[in-house]
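Notes follow once the structure below has been shown.
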Amino acid sequence: MTIRYLTGITTTGTPHLGNYVGAIRPSVEASRRADTENFYFLADYHALIKCDEPARIQRSTLEIAACWLAAGLDPQQVFFYRQSDIPEIPELTWLLTCVTGKGVLNRAHAYKAQVDKNSAAGVDADTDVTAGLFMYPVLMAADILMFKAHRIPVGRDQVQHIEMARDMAQSFNHLYGEHLVLPEAAVDESVALLPGLDGRKMSKSYDNVIGLFSPREQVRKQIFSMVTDSRAPGEPKQAEGSALFQVYQAFASADETHKLRQAYADGISWADAKQLLFERIDREIAPMRERYEHLVSHPAELEQILQAGAAKARARATPLMRELREAVGLRNLASSSATGRKDKAKAALPSFKQYREADGRFHFKFVDAQGRLLLQSAGFASPREAGQCIAAMKQSQALPSAAEAALAPGVDVPAVQAALKTLADSEN
Ligand code: TRP
């Protein structure tokens with residue numbers, strides 16, 4: 001089965017080393033894996049949530065797009081597009097909005113953080129909270145579900161949003177049939193969380209970033225302004241807890257890292273350590289700089305790449321959106337369903353049907369294209385667990401263990417497997 005990965009970057013700033021190490025570099029490496037499809041997009045609708053400067057959004061979109069390409073993303077091999085070029089995304093956002101509890105969104109981190117800040121400041125809880133901020137997880141879910149993505153590489157802070165997307169997909173499927181794929185967060189522990197100039201996480205909101213493609217001299221200056229302790233040259237220094245060391249490690253080989261650790265122990269001066277760090281970073285970034293600068297100064301070229309990417313992405317989004325509109329009842333009145341007849345498109349594929357029994361437990365059935373029962377599950381405590389069992393069956397294309405699902409008598413194992421395969425093929 002082809003695994004689909006999807007990543008977006010909000011276009012509100014200039015790419016910095018933290019973005020590069022945490023998102024851009026790993027995603028470009030991942031795009032070369034076999035048997036995967038990879039989606040990379042510029043989350044400019046998300047940018048509107050926190051930025052009301054049009055020129056900044058435009059500039060950031062240009063810079064982040066250029067950065068991805070300069071870092072080696074091949075738009076021929078992946079889906080590379082701008083969120084706002086895909087009108088199906090806001091359309092799906094609305095369908096998901098209607099299956100999402102307001103209470104769920106009340107718990108979303110980004111919104112809660114603002115509410116907590118307001119209550120600490122003693123002002124009204126809704127101060128500076130736009131409905132956009134509140135709805136952020138729904139827009140993000142639409143980004144993901146639109147392309148039936150399986151894995152979403154994110155930092156820890158985004159895991160909650162992926163779980164919300166998963167819940168929205170599950171609710172939608174529960175109500176309207178199996179249309180959406182349940183995504184999973186892929187947190188890569190080996191990807192470094194880069195500290196910034198002041199030692200806190202490198203983030204534009206802390207204003208402690210090192211620009212990825214800032215002029216070399218400026219990068220050097222910024223590196224030299226990194227916070228260190230006051231140990232003098234010749235005094236042994238501690239690698240653990242040193243932001244400088246951590247940043248170095250994110251760029252260096254194991255061998256180089258080992259050498260710097262030794263140099264710390266031997267009392268290298270902070271100035272020399274900073275120079276080493278600057279040179280190491282420059283060695284990785286310098287080869288990309290030319291391509292970056294070319295793209296940024298030829299925006300029409302980039303625009304063309306993005307337009308082509310949007311067309312490619314919409315070739316996926318448009319048919320799915322058509323299917324979802326049909327599923328929820330936004331239909332051509334002359335279509336067969338309006339007259340009460342069975343929906344042919346849906347009947348043509350095997351499907352999972354989730355339901356709740358009088359005992360309060362959650363069950364599912366797996367039926368073939370003709371609606372004939374292939375398998376019946378035992379009861380689960382929550383729709384989520386039932387959904388996980390379905391997801392496992394789809395993923396493995398095999399029967400769940402007996403503990404997870406009671407099988408209908410005389411279950412036809414090859415028929416179940418064949419139906420799972422048909423379903424998987426239709427989703428690819
Ligand atoms: N919210 C993410 C961020 O600020 C960006 C983003 C938007 C995203 N949509 C996404 C990331 C979908 C992964 C998948 O970092």
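The values are calculated or read from the model by the stated rules, or taken from the named source; none is laboratory data. These numbers were taken from a predicted model, which means no experiment stands behind them. Because the Cβ atoms are built from the backbone with ideal geometry, glycine has one as well, and the counts that use them run over all protein chains shown. In case anyone asks, the SASA skips ligands and DNA or RNA and just uses the protein heavy atoms, side chains included. Shrake-Rupley method; radii C 1.70, N 1.55, O 1.52, S 1.80 Å.
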The range 139-184 versus the range 32-85: alpha-carbon centroid distance in Å: 20 Å
Under 20 Å from the Cα of LYS50 - aspartates and glutamates, other chains or at least 8 residues apart: GLU63, ASP85, ASP116, ASP124, ASP126, ASP128, ASP143, ASP157, ASP207
Average projected area [Cα convex hull, the chain], square nanometres: 25.9 nm²
Convex hull (Cα only) mean projected area of the range 213-294, reported in nm² to one decimal: 5.3 nm²
For ARG82, residues with placed amide H under 5 Å, excluding near neighbours: LEU42, ALA310
From the C-alpha gyration tensor of the range 351-427, square roots of 5λ in Å: 19, 13, 12
The range 188-257 - Rg and Dmax from Cα coordinates, angstrom: 12.8, 37
Probe 1.4 Å - accessible area at ARG291, Å² to nearest ten: 100 Å²
Rounded to 10°, Cα long-axis angle of helix 131-145 versus longest principal axis of the chain: 70 degrees
Average accessible area per residue (Å²) across the chain - probe 1.4 Å, nucleic acids and ligands excluded: 48 Å²
Acute angle (nearest 10 degrees) that the helix 109-121 long axis makes with the longest principal axis of the chain, alpha-carbon atoms: 60 degrees
Candidate lysines for bridging to LYS394, where Cα separation is under 19 Å - those fewer than 8 sequence places away on the same chain excluded: LYS148, LYS346, LYS353, LYS365, LYS421
Modelled FRET efficiency - R0 30 Å, TRP94 with ALA125, Cβ distances, 0.05 increments: 0.70
Protein accessible area in the chain, 1.4 Å probe - carbon and sulfur %: 53 percent
Pairwise label distance in nanometres, GLU323 with SER230, each label 7 Å out on the Cα-Cβ vector: 6.5 nm
Those lysines that a straight Cα-Cα span of less than 17 Å connects to LYS237, excepting residues fewer than 8 apart in one chain: LYS259, LYS274
The range 351-427, relative contact order in percent, only Cα pairs under 8 angstrom and at least six apart counted: 26 percent
Phi to ³J(HN,Hα) by Karplus 6.51 cos²θ - 1.76 cosθ + 1.60 over the range 329-335, Hz, x for Gly, Pro: x, 8, 10, 4, 5, 7, 6
